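Rule-based calculations on the coordinates, nothing more; no lab input. All figures in this text were calculated on a predicted structure; none of them were measured in a lab. We place every Cβ from the backbone using ideal geometry, glycine too, and count neighbours over all the protein chains shown.
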Amino acid sequence: MSSEKDSPSGRDRAPGEVTTVQRALNLLKVIGASERPVGVNEIARRLGKHVSSVSRTLATLEHNRFVERDEETGRFVLGVELIALASRLLAERDVVRVARPYLEELAESTRETASLSLWNKTEAINVEHVLGPGSIKHIAAPGRRNPAHCTASGKAMLSQMPGSILEEVLALGLEKYTDRTITEASALERELHCTCERGYALNVGEFIPEIASIAAVIHDGRGRVAAAIAVTMPVFHFTQHNEGQLAPLVMEAAGSISRRLGYDGAQPK
């Protein structure tokens with residue numbers, strides 16, 4: 001029988017650490033090191049732990065979105081929640097690396113803030129931004145959460161998500177942030193339909209009264225929603241800028257990034 005000292009968790013243990021925390025960290029390391037989703041039994045075997053103990057830790061991590069369960073296999077991968085805690089490491093992600101020059105170009109051409117967001121269960125999370133040369137700047141800092149029903153990035157990605165994701169968003173309730181926030185399910189469904197039809201999402205004072213934004217979806221090589229790119233500005237700038245001028249620039253940037261990621265316009269695989 002292997003001792004605690006000989007087990008993977010024991011071998012990695014630092015003096016004075018909290019065992020429960022170390023168990024969770026070791027579990028994340030196992031999942032992160034795997035090239036494919038990992039099942040509970042395999043994780044338990046690699047850690048030298050009981051399946052029941054690993055299952056409890058996984059349940060906590062999943063609840064807090066640090067791991068995600070593959071719907072088809074029930075196996076686990078790392079969760080997007082980790083992005084909010086480690087945004088400086090995102091340069092290693094292909095979509096961020098590819099998008100960076102397009103963000104810079106978009107910020108320069110519009111003179112506003114260009115930002116990139118990833119999807120996290122029921123919301124968008126900012127992971128990168130570039131400030132434009134204009135005198136008034138909006139900061140879309142990495143790690144900021146964007147509710148799906150009232151931000152351009154959130155609506156852009158939600159509009160192309162499966163219906164089950166929309167149901168999850170609706171089940172959480174459509175919180176009212178401003179007088180312009182959409183709070184009715186039917187109104188949100190109409191808005192998402194419009195977003196799909198025109199190819200971009202709008203937010204004019206729906207989340208923060210003074211802020212407006214335009215966003216479009218980025219697809220990966222498998223046709224899945226990979227991210228959203230947005231231009232964000234003060235509301236009074238949006239009234240001065242013509243929507244018809246800004247929207248094509250955002251969509252063009254989203255399309256260019258998608259093609260760089262291998263997207264050919266096909267449906268998700």
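Between S52 and A171, what length comes free when the chain is fully extended (0.36 nm per residue of separation minus the Cα-Cα distance, one decimal in nm)? Kindly include the intermediate steps, with their values, before the conclusion.
Values: separation 119, 0.36 × 119 = 42.84 nm, distance 3.01 nm.
Net length gain for the segment: 39.8 nm.
Using the number of other C-beta atoms within 10 angstrom as an exposure proxy, rank L27, L188 with the fewest first.
Numbers: L27 26, L188 21.
Exposure proxy ranking, most exposed first: L188, L27.
Return S34, S53 ranked ascending by Cβ neighbour count within 10 Å, so the fewest neighbours appear first. Can you show the working numbers first?
On the way: S34 16, S53 13.
Starting with the residue having the fewest Cβ neighbours, the order is S53, S34.
Would you please give the residues with an amide H less than 5 Å from that of F76, counting only those at least 5 places away or on a separate chain, with H modeled from the backbone geometry?
V38, G39, D70
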